[in-house]
Ligand SMILES: C[S@@+](CC[C@H](N)C(=O)[O-])C[C@H]1O[C@@H](n2cnc3c(N)ncnc32)[C@H](O)[C@@H]1O
């Protein structure tokens, strides 16, 4: 997965790679409303931080920088203090507005916001198959390899319920480590991961490793010709983020883990269709409201993007989603 996605001929990093948008649809691509709602979250983070100057917003796994490019026009809302940085293993996209910085590693000491939409599902992981005497790795040709390492065995025992022989799981330690290190880069502020995934009670039994190419879901191939992705164990990632702060004796507010539908509604998204009566009194307004509702509809759809997870961690500031309100967290 590492070399197939990020090697010299890697799916994301080879010269001339078309970028995520050419192959699959994320919330960022689905609707400009996503960036608009992210802007509302940034307003809350900015307030919680006391309007820092500069106010950095770092997008990790930024793809072609689409989210930052959509946020950039809102700079005036932040009094020109926004500093936008895209982080990706792929090079700087052509045509990216010059005010957006680009780098291949997460900068340290962020006093602002770190956002990662559909990053962690592309962080390489191993697939393991349950057997009567523990898990074995599944090799690229789908045959069974050696027993999993002690660390992966411990991770699987901690984060998966007992699985029957033949069931498959993805060992997510690398995602936990990736998220923990991203969270550590935030000195004060908020770290947000948005991704498809699962929590312990709802882990799939057949594994989720899959591929995408040219907008279609395809069998994953390790030759750089397809995206390779697997759902993220979001509760494991969340705990790793908190644990990394505790180890450093830094303040980490409890995280909130909620589905996207709920997160966007908490940010004020309302996907209800306008009343039909508006069509005769204000036809233009009706069409605009209808378009808005259908754009939001895709982002809120519980069976689609609305069912993705939002992990929101506050570091040394009040949580932008307020206290508790029944969403999962510690
Ligand atoms: C599925 S795309 C998401 C793009 C964009 N965030 C979106 O939501 O449309 C995942 C991106 O993460 C990048 N990526 C994966 N591992 C990374 C790492 N360790 N550091 C920086 N970028 C990484 C990939 O190159 C790819 O562009």
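The values are calculated or read from the model by the stated rules, or taken from the named source; none is laboratory data. Please read these numbers as outputs of a predicted model, since none were measured by experiment. Cβ: placed from backbone, ideal geometry, glycine included. Neighbour counts: every protein chain shown.
Assorted remarks:
For (1) assigned to a loop (DSSP other than H, G, I, E, B); (2) within 14 Å of the ligand (Cβ to nearest atom); (3) assigned by TED's automatic domain parsing to the domain that holds residue 38; (4) at pLDDT 95 or above, each residue gets a yes or a no:
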residue: 192; (1), (2), (3), (4): no, yes, yes, yes
residue: 201; (1), (2), (3), (4): no, no, yes, no
residue: 204; (1), (2), (3), (4): yes, no, yes, yes
residue: 208; (1), (2), (3), (4): yes, no, yes, yes
residue: 224; (1), (2), (3), (4): yes, yes, yes, no
residue: 228; (1), (2), (3), (4): no, yes, yes, yes
residue: 236; (1), (2), (3), (4): no, no, yes, yes
residue: 242; (1), (2), (3), (4): no, no, yes, no
residue: 246; (1), (2), (3), (4): no, no, yes, no
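- Each residue in region 93-108 was checked for being assigned to a loop (DSSP other than H, G, I, E, B), surrounded by 16 or more Cβ atoms within 10 Å (Cβ to Cβ) and more than 9 Å from the ligand (Cβ to nearest atom), and 2 of them qualify.
- Positions within region 279-313 being in a helix (DSSP H, G or I) and touching a residue at least 24 places away in the same chain (Cβ under 8 Å), in sequence order: 292, 295, 296, 297, 298, 299, 300, 305, 306, 307
- Qualifying helices (runs of 4 or more DSSP H) (wholly inside region 2-83; at least 3 residues being under 22 Å from the mean Cα position of the chain (by Cα), more than 13 Å from the ligand (Cβ to nearest atom) and crowded, with 18+ Cβ neighbours inside 10 Å): 32-49
- Members of region 244-253 that are in contact (Cβ under 8 Å) with a residue 40 or more places away in the chain and loosely packed, with under 15 Cβ neighbours inside 10 Å: 248, 251
- If you go through region 21-44 and keep only what is in contact with a helix residue (DSSP H, G or I) (Cβ under 8 Å, 6 or more places away or on another chain) and touching a residue at least 60 places away in the same chain (Cβ under 8 Å), you end up with 26, 27, 28, 30, 31, 32, 33, 34, 37, 38, 42.
- Those residues of region 12-28 which are within 21 Å of residue 193 (Cβ to Cβ) and either at pLDDT 90 or above or out of contact with any strand residue (DSSP E or B) (no Cβ under 9 Å at 6 or more places or on another chain) (or both), in sequence order: 12, 19, 21, 25, 26, 27, 28
- Filter result for residue 139 (in contact with a strand residue (DSSP E or B) (Cβ under 9 Å, 6 or more places away or on another chain) and buried (at least 20 other Cβ atoms within 10 Å of the Cβ)): no
- Subset of region 303-323 (residues that are surrounded by fewer than 18 Cβ atoms within 10 Å (Cβ to Cβ) and in contact with a strand residue (DSSP E or B) (Cβ under 7 Å, 6 or more places away or on another chain)): 307, 316
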